[in-house]
Amino acid sequence: MFDSNLNRKRPFPHIPSAAIILNHLDVPLFSSTENGVVSRCTSMLLHADQPYLIGRKPRDCQFVFNDRRVSKRHCQIFFDGSLRKLYVLSGVLSHADYSEFRLIHEFRKRVTVSSQGSEGFPFLEASNGVFVNGVEIRKGMAVELMEGDRVSLVCGNMSGSCGIGNRIGFVVERIAVESCDGAGEFDRLTFSGCSQSGKRSKRVFAVKANDSKFEGVFGRARFLVDMCRDILLSDDPLSCIKRSVSDLQCGYKCAIGTELAQRVAEGNGIDTVQSSSGVLSESKVMNLEENGGKNCAKGNLGVDALCDENSNLIVSDCIEKDNVSDGNNWQGNDGCNPPPGKNFYLNRLEFMNQDSSGGDKSISLNELINPIESVTGIFIATFTSDIQWFLSYCKIPVHLPVTIACQNTERCWSSKPDERVSVPYHNYPNLVVVHPPFPETIAFGKDRNRHGIACHHPKLIVLQRDDSIRVVITSANLVEKQWISVTNTIWWQDFPRAILVDFASLFPKIDDEIHRDSKCDFAAQLAGFMASLVIDIPSQAHWITQLTKYDFGSATGHLVASVPGVHLNRTSILAESFRPSSLNTQFLGSVLASVVGLSHLFRTVADSNGAGIKALAAVLGKSCKNAHGRFEIVLRRNPNVPADENAVSVLVPKSDQTSEGDYVQLGFLPRNVAKWVSPLWDAGFLAFSGYVYPKEALAAASGENCQKVQLILNVSEGPHFRDMSKMMQSEKIAAFCSLIASIQRHYGLWRLREVLNQYRWPESLESEIVYGASSIGSVSSKFLAAFSAAAGKKSLQHFDSEESDPEWGCWNAREELKNPSVKIIFPTIERVKSAYNGIMPSRRILCFSEKTWQRLKTLDVLHDAIPLPHERVGHPMHTKVVRRCFWSRRDAPSIGWVYCGSHNFSAAAWGRQISSPFGTKADGPCKGDPTMNSGLHICNYELGIIFTFPPTENNDCHKAKSTKLGDIVLPFVVPAPKYGSQDRPATKLAMREVMTELAEREEEKQAEEEMMEEIIEEEEEIEEINCVGQEKEEEKAYAEILWSQVDSSQNS
């Protein structure tokens, strides 16, 4: 029936049919009749230009997989009679109301990677995906199928190891087309297009020398006709011409490299050549010439091409290495590692394989990211980085959007956003490096040499896919040795795509309020942290709005972030000072801003007799203040001011019942605040109101001080808030990102306390807090007490006191000195000396000052860090893990919590509590909360996650029933041996002395990008910090211009 003789056939055949010979995978494939009767099938007979449905429901589909994981109508298979090509579409096009021509055109459009298909064309999306050779097809897109291709439904792994059990799909063994004369004979298809990824394939199929299809005029003409048809029917003819020229030069077509395709090729007498190079780039052209009856390869392929007179030539560059181990780049046969849930993994060290670690859960960076083909974007936050290693090790495609936020001491302090962003690699045009900003408020006084204490120190990886997003929190930087030579913790979770876009999920929860859908605040914390990294970088602001597309309600832990700055206690500035304009107005959060230009009317010749300041004092004195001593102001847009179309005036009403214009103007919002307030306000997305302290305003107006006037900006839903997903435009995305970054949240110690205060811990039980870290900052009894208090530690002697006492139950430095509560896990110098690779690796990752050692020596809180599992002994640890465990008096599950992430044990990471940073105190009550009138001074960017195991899980965001506190194995031995009288931590001085003893001299300090870790945290005790600052000259100049233009517009 099949005949490969083409010499007698016409070059322009009639519209043929196609016969597809296939082998199903584990789940059998059935063909269905119109009556719903099914029978097993091993082939498909497809009439040209008619879509055929593949799904679960026999009455709707021509081909059926009887498995509940398959949608009722899952995908379509289509044979294009004119192009003689076979396509599969992810999803279903509804074609009842459209002509055959329109349907054919729609299929061809959806084959183009850059096209999304016609708007309004009815389309049904499958709940699970369609994969070709392990690569998922984008929803609504089609790809061409070729002989040897594996079509998988639900799971794309060859082993079916996504946890679904039996594999669902089929393999295309052969494609045959009805002969050109319509006599019922079939020819085998020889030509095929590029792969679904749009890149050069991993295998290149050359043309067989003795193939009759290419002999003589008819064969060559038919090849050219096919190319012309492709060009004429393409929506992008120019690109198609370029591809056709390349194909003509090469004489081959692309195919995705799969194990089955290779087996099929070998079954047809085709030899394969394994390539050690990466994915063949489009610039690497392979020329085939007929030379004495041989097809020989020329060009820069990085392989030795074999020529054989009687066989085809295949250059194989397979990147599916599920069963390949090369030491550093090992992937197990299972393909997928189960997520850790309320636990963490350790990274797989260089000498390990999957079986050598016993009960140790380990994973590599490659395994975390794969399959890279389905990733649509990567966001990474790290301290140090080796970007070129990352790109090559993880085989990052050159077109993939990648954002890397990393440390750069000089650029992070720059006030110019353009100096904090770059595109360093021209061959990776979508890779952007960002250096997150350090605010001047964290610098100690005017000594700019002290700004080095600030550090961008998180380790975050976000992998975006069409149907899910993966969040990875680790202690490893983006450096090779940290992933293969040093022990680090790794946690990750995949979150599905949300049914509805939810912008409200990015705003913090209000205390004592149940957030919408009772979901935890994982999305809000992640969005706030990521927005703080890319603020003022418009090209990267889209990351924040992308988070609204995913459902984070199943998060197994609570995020704990630190962001540099001086932060107020959020409970003192939130809902208590918000007065809604209507019953339906939802409060979203507050922003700490300021008023600029206050001195214009009150400290110039315009008010030489002091009448203005007297009038202002009278207004502020007569008007009502809220319980926190704040005075409500009115904001007014000034869109017609030439100097700044985003200008916003700050006014004070003269009385509670004011008419239009009956206000006293204080000044304006700063330019950097107005630039995001105005676009969101004008669009109706959000509404804004505000408060100031009357005492601050009068002091600034009268000239008593030159400090900024604090303005608390309350944010609530606007009339179009629910329509943001439909109305959000690109220019509004940057403004929204700035808002999310500016919203007040709890960070550092206060975030730790906020999370743990959600539960009632049995403080009457005995407990211990262990903290293992690679860096110990300038720890004092005051900081130890602050950390213990945030961790939930309370003073037993206060349990019988009255709760009305503001200091009730508070753990303080005096209590800490009497009864130390934190056991610090840090390696001794002897342990570091005995490491496999000597002292040098630890010298670059361990940080402990001699001054801190002398301070802690008498507290008896230090314990030796012995790596666990024991095969990791002798290898440095870079983990940052905290555990608090309550000892139950009966045989009951352990109670407590565990933290892992990037926070070292230092005030720079967790924050140092300071007195009221604005010099004024709220007049309202601060019962039981001594932090109400204080600030938290944080130097570093940090990120970690807490897993809680309370007595009951009624308030937990998500119940991971399979995990208990006792199931979490810490990366060091506990109980850890206490330091002996002769033991000494591996301080900087101790390691230097050892180096001297061993006659080893440290080389010159390496460049920053070659360092593994860490910036030395030589902290000092800072009693008073001027974190408010004076009004900058540029702010004064901005306000003066606005005053002159507003005055002139009002006078005219």
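General observations
- Considering only beta bridges that DSSP places wholly inside region 369-448, some 20 percent are antiparallel.
- Computed accessible area, Lys833, all protein chains, 1.4 angstrom probe, square angstrom: 80
- Rough spin-label spacing in nm, given labels placed 7 Å along Cα→Cβ, for Glu419 and Leu817: 4.5
- Counting protein heavy atoms only, region 827-875 has 53 percent of its accessible area on carbon and sulfur, 1.4 angstrom probe.
- Sum of side-chain charges, Leu862 neighbourhood, beta-carbon under 14 Å (Lys, Arg +1; Asp, Glu -1): +1
- Highest-first arrangement of 939-952, 760-773, 408-421, where packing means the average Cβ count within 10 Å: 939-952, 760-773, 408-421
- Solvent-accessible area per residue, Å², over region 694-776 with all protein chains present [probe radius 1.4 Å]: 36
- Accessible area of region 395-487 belonging to carbon and sulfur atoms, whole % at 1.4 Å probe: 50
The values are calculated or read from the model by the stated rules, or taken from the named source; none is laboratory data. As the structure is a computational prediction, the values presented were derived from the model and not from experiment. Cβ sites come from the backbone with ideal geometry, for glycine too, and all protein chains shown count toward neighbours. We work out accessible area using only protein heavy atoms, side chains counted, and drop any ligands, DNA or RNA first. Shrake-Rupley method; radii C 1.70, N 1.55, O 1.52, S 1.80 Å.
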